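The values are calculated or read from the model by the stated rules, or taken from the named source; none is laboratory data. Just so we're clear, the structure is a prediction, and the values are computed from it rather than from any experiment. Cβ placement follows ideal geometry from the backbone for every residue including glycine, while neighbour counts extend to all protein chains displayed. Accessible surface areas use protein heavy atoms only, side chains included; no ligands, DNA or RNA. Shrake-Rupley method; radii C 1.70, N 1.55, O 1.52, S 1.80 Å.
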Amino acid sequence: MLEKQLTGHRVDRSICDWFWDHVISQGDSFKSQPVIASPTHYLFQVVREGITFLACTQVEMPPLMGIEFLCRVSDVLSDYLGGLNEDVIKDNFVIVYELLDEMIDNGFPLTTEANILREMIAPPNIVSKVLSVVTGNSSNVSDTLPGATGSCIPWRAAEPKYANNEVYVDLVEEMDAVINRDGALVKCEVYGEVRVNSHLSGLPDLTLSFANPSILDDVRFHPCVRFRPWESHQVLSFVPPDGEFKLMSYRIKKLKSTPLYVKPQLTSDAGKCRVNVLVGIRNDPGKTIDSITLEFQLPPCILSADLNSNHGTVNILGNKICSWTIGRIPKDKTPSLSGTLLLETELERLHVFPTFRVGFRIMGVALSGLQIDKLDLKTAPSRLYKGFRALTRAGEFEVRS
């Protein structure tokens, strides 16, 4: 556990004991609550990659501010450390403390933009670790304050210059779907992000417009986005940070179809269960669907499994998860998984049926139908390179059997 006291009033660590006692007793239902009222404190929690970020206060405050700050901390640490897990945080705990010192001041959020934090605190690398061992100085904090910290645009470095001016926009979408045992679509929606990689000299002013912005729901913006042009004309007007950043996120609900179908059939009697699963293309998106995978958890009553496929590879992992790697759908046959599951001796039939989790990736298309219309730059430099890409992948894509 890493602890950082951010105000003059010290919070007793016993609140963490109270929190974990309730996590152990109530399980996932307690961890799914973003705001928790204890007898003495209000707690905010965010869970990312198995790491719990916990903040507490004794006074009333906007709950979304606490949750948003914890999400920023998670994003910054993931960006700095190249991922989030217990070992990475232990190996870089000095940088974690230094980042928290700069991100919050006396309990109030201060600098949360990753591009500015990189100028203040150097990201970890092999050279810095060797120097800290040799010199005994483990600090990564710069001696000079970034110029942008005193600017009205704190997310952008002061007057960067590039020989080649370029800006690239990516639409990255995840499809969440639930299909019932009859093959009917219960839920299908897309969570998407507009990611920008900007390397522009000076102080660029960009506008990005969509061909069909009316389909967007639950939009969230980077602080650089001016809200009034979006509210009046649904146009994104912004001065971008330098480098990669997430410009906005959105959700598109009530989609009518999925790119793949999964048809599972399970029949059991006499202590055995026969499995047959077919996977194919339901609606051709016009681009290749690759990285197709299918996973399901074998019920606890299964003693052994004998499964094989006519395409791809099948593996039974140690935690009783069956993983079928398909890759791409071949043109000459439909991928199928078949085999037999052996039940416990006292069971005649299978009473707990698995849920199949599907993974896929489609480059070059946004399945939501969202389209970028144009990207304009005021006072464009003589040579400006612009690019657009789209990617759709599976999120929580489940097929019930």
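Report the residue count in the stretch 210-221 for those that are open to solvent by 40 Å² or more (accessible area, probe 1.4 Å) and part of a strand (DSSP E or B).
5
Taking the condition of being exposed (fewer than 11 other Cβ atoms within 10 Å of the Cβ) and more than 26 Å from the chain's Cα centre (by Cα), how many residues in the stretch 316-335 meet it?
4
Output yes when any residue across the stretch 246-253 is closer than 29 Å to Glu119 by Cβ, of a type in the set (S, T, N, Q), surrounded by fewer than 19 Cβ atoms within 10 Å (Cβ to Cβ) and not assigned by the TED database to the domain that holds Thr345, and no when none is.
Looking through the stretch 246-253, at least one residue is closer than 29 Å to Glu119 by Cβ, of a type in the set (S, T, N, Q), surrounded by fewer than 19 Cβ atoms within 10 Å (Cβ to Cβ) and not assigned by the TED database to the domain that holds Thr345.
If only one of Thr267, Thr293 is among the polar types (S, T, N, Q), in the same structural domain as Val352 (by the TED database), open to solvent by less than 80 Å² (accessible area, probe 1.4 Å) and within 26 Å of the chain's Cα centre (by Cα), which one is it?
Thr293
When you look at Phe397, is it touching a residue at least 40 places away in the same chain (Cβ under 8 Å), among the aromatic types (Phe, Trp, Tyr) and over 28 Å from Val186 (Cα atoms), yes or no?
no
Restricted to the stretch 363-386, and to residues that are open to solvent by less than 80 Å² (accessible area, probe 1.4 Å) and assigned to a strand (DSSP E or B), which residue is modelled with the lowest pLDDT?
Among those that are open to solvent by less than 80 Å² (accessible area, probe 1.4 Å) and assigned to a strand (DSSP E or B), it is Leu384.
Being out of contact with any Lys or Arg (no Cβ under 6 Å at 6 or more places or on another chain) and surrounded by fewer than 18 Cβ atoms within 10 Å (Cβ to Cβ) is the filter here, so list the residues in the stretch 350-362 that pass it.
His351, Val352, Phe353, Gly359, listed by residue number.
Here are some residues: Ile372, Ile321, Ile329. Which one is assigned by the TED database to the domain that holds Asp170 and under 26 Å from Glu174 (Cα atoms)?
Exactly one of Ile372, Ile321, Ile329 is assigned by the TED database to the domain that holds Asp170 and under 26 Å from Glu174 (Cα atoms), namely Ile372.
One line per residue, one yes/no per condition, for (1) assigned to a loop (DSSP other than H, G, I, E, B); (2) buried (at least 19 other Cβ atoms within 10 Å of the Cβ):
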{"site": "Glu159", "(1), (2)": "yes, no"}
{"site": "Ala163", "(1), (2)": "yes, no"}
{"site": "Glu174", "(1), (2)": "no, no"}
{"site": "Val178", "(1), (2)": "no, no"}
{"site": "Arg181", "(1), (2)": "yes, no"}
{"site": "Val186", "(1), (2)": "no, no"}
{"site": "Val194", "(1), (2)": "no, yes"}
{"site": "Gly202", "(1), (2)": "yes, no"}
{"site": "Leu208", "(1), (2)": "no, yes"}
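Hand me the list of strands (runs of 3 or more DSSP E) wholly inside the stretch 228-300 holding 2 or more residues that are over 25 Å from Val352 (Cα atoms).
Here the list reads 235-238, 243-252, 272-281, 289-297.
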